[in-house]
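This report concerns only the one structure given below.
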Amino acid sequence: MSTILKIFAFPASILIICLGISTILGGHITPGGGFQGGAIIAAGFIFCAIVYGFEKTPFKFTHRFMAALESIGAIGYILLGLAGILFSGYFLYNIGVDLYNLLPGMSSVFNYPDAVHAGIIPYLNILIGLKVLVGLSAVVITFLEFKGE
């Protein structure tokens, strides 16, 4: 790739990743969330991986690191779902909001004093974002390794 593209790619990918993080963290009050934010973050990583080549990219995503991220996303999602079953009897019940007053004391655990309170939804967005980031990045890494980059 050209030198100009290599100079531009890393700062642009940092901005893309910041946009993805913002999309994930604001997903409970704006359109977007875990899937969209994870795809945006993966796009930032993929941009650098394509411009620099997989071996020389500034982001060193090893197989072990990506497996750990995916495991954290999957296990965290399951644990939040099981917490809903444990406290209310429903998988992924939003135990912080408790719209149906099933858990009178539990709503204080995830309760925040702001108007846009969403319970466990922001945590679910973060965990889904991790899963999507790893899934999309793994596809591109596989293609780049197969190509011999």
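The values are calculated or read from the model by the stated rules, or taken from the named source; none is laboratory data. In this text, all values refer to a predicted model and were calculated from it rather than measured experimentally. Backbone-built Cβ (ideal geometry, glycine too); neighbour counts: all protein chains shown.
Numbers at a glance
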| read-out | value |
| --- | --- |
| In region 55-89, residue nearest to Phe45 (Cα to Cα) [restricted to those that are of a type in the set (Ser, Thr, Tyr) and modelled with pLDDT of 85 or more] | Thr57 |
| Contacts under 8 angstrom Cβ, first residue in region 70-90 being on the phi > 0 side of the Ramachandran plot and exposed (fewer than 13 other Cβ atoms within 10 Å of the Cβ), partner of a type in the set (A, V, I, L, M, F, W, C) and part of a loop (DSSP other than H, G, I, E, B), 6 or more apart | Gly89/Leu102 |
| Test: residue in region 131-149 that is part of a helix (DSSP H, G or I), modelled with pLDDT of 85 or more, of a type outside the set (Phe, Trp, Tyr) and in contact with a Phe, Trp or Tyr (Cβ under 6 Å, 6 or more places away or on another chain) | yes |
| Which listed residue, of Thr23, Thr30, is among the hydroxyl-bearing types (Ser, Thr, Tyr), touching a helix residue (DSSP H, G or I) at 6+ places or on another chain (Cβ under 7 Å) and closer than 25 Å to Ala118 by Cα | Thr23 |
| Ala67 being under 30 Å from Asn94 (Cβ atoms), surrounded by 17 or more Cβ atoms within 10 Å (Cβ to Cβ) and out of contact with any helix residue (DSSP H, G or I) (no Cβ under 6 Å at 6 or more places or on another chain) | no |
| Enumerated helices (runs of 4 or more DSSP H) restricted to region 1-98, each holding at least 1 residues that are under 23 Å from Lys131 (Cα atoms), of a type in the set (Phe, Trp, Tyr) and under 15 Å from the mean Cα position of the chain (by Cα) | 34-52, 63-88 |
| Residue, surrounded by the fewest Cβ atoms within 10 Å (Cβ to Cβ), within region 3-23, restricted to residues that are closer than 27 Å to Asn125 by Cα and β-branched (Val, Ile, Thr) | Ile14 |
| Contacts under 8 angstrom Cβ, first residue in region 43-59 being over 12 Å from Leu144 (Cα atoms) and of a type outside the set (A, V, I, L, M), partner modelled with pLDDT under 85 and not in a helix (DSSP H, G or I), 6 or more apart | Phe45/Phe61 |
